[in-house]
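Notes for the one structure printed next.
The values are calculated or read from the model by the stated rules, or taken from the named source; none is laboratory data. Keep in mind that what you see is a predicted model, and the values were worked out from it rather than measured. Here the Cβ is made from the backbone with ideal geometry for all residues, glycine too, and neighbour counts use every protein chain on show.
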């Protein structure tokens, strides 16, 4: 199909944000919900968008994540706000495990003023950032380094993490299904994240709004294994109900002035 001017702008909006609700798009383009639904239907039939309950997102693979540099740029403002919200809840003098992902790197920047932290990480980018904080001890896991994002994975990584029991496990995720299933793309990365969940007294999930209803191949855990979710936009009512039922606290990072 050849999108009309409104549909082209709609595509650009969803591309910039990663996903958007039908209500948001109707308000942005000053049209009715029915008009947006028709546009979305035509664009999804053409393979240009993927629909989910209440919204739309860019099409994505269940087997392969988007490139690391693209993930760095995607929803960068939202990740920065999530990072600030997480940092506000992390007390000085605690122990953390932080895993792979661009949101974890944003959180590392937000923790630069914290004191007496002990951080275990399988993310060389996180380690490089936090090594600049003189009041933070950084412990890097063993394992195989992935060149694409400098994440460390493998059985050696899992064995290393199993030595510890930390106050807070901070994890990212690639996709959250509507039933609360957390999913990712690399089974080796998932095994590390499972070890983090098992060896943390509290588990905090940092996930921007594009991760909700995003498909991925490998199951990590149910939502009930998480204590807090930090995100940048209020989830849809169905996700709110699901998290309430799982006993998970959802913290939406406020918009910056």
For region 86-122, how many residues are out of contact with any helix residue (DSSP H, G or I) (no Cβ under 9 Å at 6 or more places or on another chain) and either surrounded by fewer than 18 Cβ atoms within 10 Å (Cβ to Cβ) or assigned to a helix (DSSP H, G or I) (or both)?
8
Per the list (1) in a loop (DSSP other than H, G, I, E, B); (2) at negative phi, residue check on residue 180 breaks on (2)
Determine if region 238-250 includes at least one residue that is farther than 20 Å from residue 89 by Cβ and in a loop (DSSP other than H, G, I, E, B).
no
Which residues, counting only those in region 144-176, are in a loop (DSSP other than H, G, I, E, B), at pLDDT 95 or above and in contact with a helix residue (DSSP H, G or I) (Cβ under 8 Å, 6 or more places away or on another chain)?
162
Residues satisfying the stated conditions in region 193-219, i.e. farther than 22 Å from residue 252 by Cβ, in contact with a helix residue (DSSP H, G or I) (Cβ under 9 Å, 6 or more places away or on another chain) and at pLDDT below 95
217, 218, 219
Give me the pairs: first residue in region 191-215 and in the same structural domain as residue 165 (by TED's automatic domain parsing) and on the phi > 0 side of the Ramachandran plot, second residue surrounded by fewer than 23 Cβ atoms within 10 Å (Cβ to Cβ) and modelled with pLDDT under 95, beta-carbon distance under 6 Å, and six or more apart or on different chains, which are they?
213/52
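Restricting to region 215-231, and then to whatever is assigned to a loop (DSSP other than H, G, I, E, B) and surrounded by fewer than 23 Cβ atoms within 10 Å (Cβ to Cβ), can you tell me which residue is nearest to the chain's Cα centre (by Cα)?
Filtering region 215-231 for residues assigned to a loop (DSSP other than H, G, I, E, B) gives 215-217, 222, 226-227.
After this cut, where a residue has to be surrounded by fewer than 23 Cβ atoms within 10 Å (Cβ to Cβ) as well, the list is 215, 217, 222, 227.
On the way: 215: 13, 217: 16, 222: 15, 227: 15 Å.
Taking the candidates together, the pick is 215.
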Residue in region 124-132 that is touching a helix residue (DSSP H, G or I) at 6+ places or on another chain (Cβ under 8 Å), outside any strand (DSSP E or B) and more than 22 Å from residue 220 (Cβ to Cβ) present
yes
For region 12-40, how many residues are modelled with pLDDT under 90 and not in a strand (DSSP E or B)?
7
